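Encoded as structure tokens, the structure appears first; notes follow it.
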């Protein structure tokens, strides 16, 4: 909880995970206040809103794990009601653009299936399936991955045993494919820049903590000796 209150995104997500047992307790939202817009039908057991609060706050700040979880909630409500694909697209996209390959694939295939529609089907599918490939291959879009996606667009796409989507000739135009390749690189490079900076900052904090180990150890040993003399 202290980590979450300090603004640590994994701490917020961890607090969301452990707060289910406090569902019937009062939960005054901490400062800064973040409005929880997710209706309770998507997370039925979250009576006091604490789980939705921490999950939403972490997701809105760009934490990939929280955003991916939130996207799943909007797609599959706990009460089996209607999904909210607008919100699902929003959070799945946040997760994908922060390095989660699984959510990048979800976004791509949701465009193919017609569930997401912020951009056209070809653009959404290429942008995010190519992004998923780059995440998997350290920034490289392999020729094999690219050819596989183009073949998928060319033929019939089997979404499930009961649903088949016909190929789309418009998606096979060279300029459309090239645009997807370029946008996937832009998205990957933007994420990698953010991720590298976060890793640099984390390493700096670990280095500072490591430098204090002798000091902390000495203080501990002094406290132990003082306790023995009592």
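Here are a few things to note about the model shown:
Listed here are the residues, each with its yes/no results for (1) assigned to a helix (DSSP H, G or I); (2) touching a residue at least 24 places away in the same chain (Cβ under 8 Å); (3) under 23 Å from residue 22 (Cα atoms).
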| site | (1), (2), (3) |
| --- | --- |
| 45 | no, yes, yes |
| 55 | yes, yes, yes |
| 78 | no, yes, yes |
| 90 | yes, no, no |
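- Boolean, residue 38 is modelled with pLDDT under 90 and under 22 Å from residue 93 (Cα atoms): yes
- Yes/no for residue 51 being farther than 30 Å from residue 101 by Cβ and touching a helix residue (DSSP H, G or I) at 6+ places or on another chain (Cβ under 7 Å): no
- Enumeration of residues in the stretch 41-52 that are surrounded by 15 or more Cβ atoms within 10 Å (Cβ to Cβ) and farther than 17 Å from residue 94 by Cβ: 43, 46, 48, 49, 50, 51
Per-residue answers, yes or no, for (1) over 24 Å from residue 139 (Cβ atoms); (2) buried (at least 22 other Cβ atoms within 10 Å of the Cβ); (3) touching a residue at least 60 places away in the same chain (Cβ under 8 Å):
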{"position": "1", "(1), (2), (3)": "yes, no, no"}
{"position": "21", "(1), (2), (3)": "yes, no, no"}
{"position": "93", "(1), (2), (3)": "no, yes, no"}
{"position": "109", "(1), (2), (3)": "no, no, no"}
{"position": "116", "(1), (2), (3)": "yes, yes, no"}
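- Some residue of the stretch 97-106 being surrounded by fewer than 15 Cβ atoms within 10 Å (Cβ to Cβ) and within 22 Å of residue 190 (Cβ to Cβ): yes
The values are calculated or read from the model by the stated rules, or taken from the named source; none is laboratory data. Note that the coordinates shown come from a computational prediction; the quantities given were computed from them, not determined experimentally. In this analysis, Cβ positions are derived from the backbone assuming ideal geometry, glycine residues included, and neighbour counts consider all displayed protein chains.
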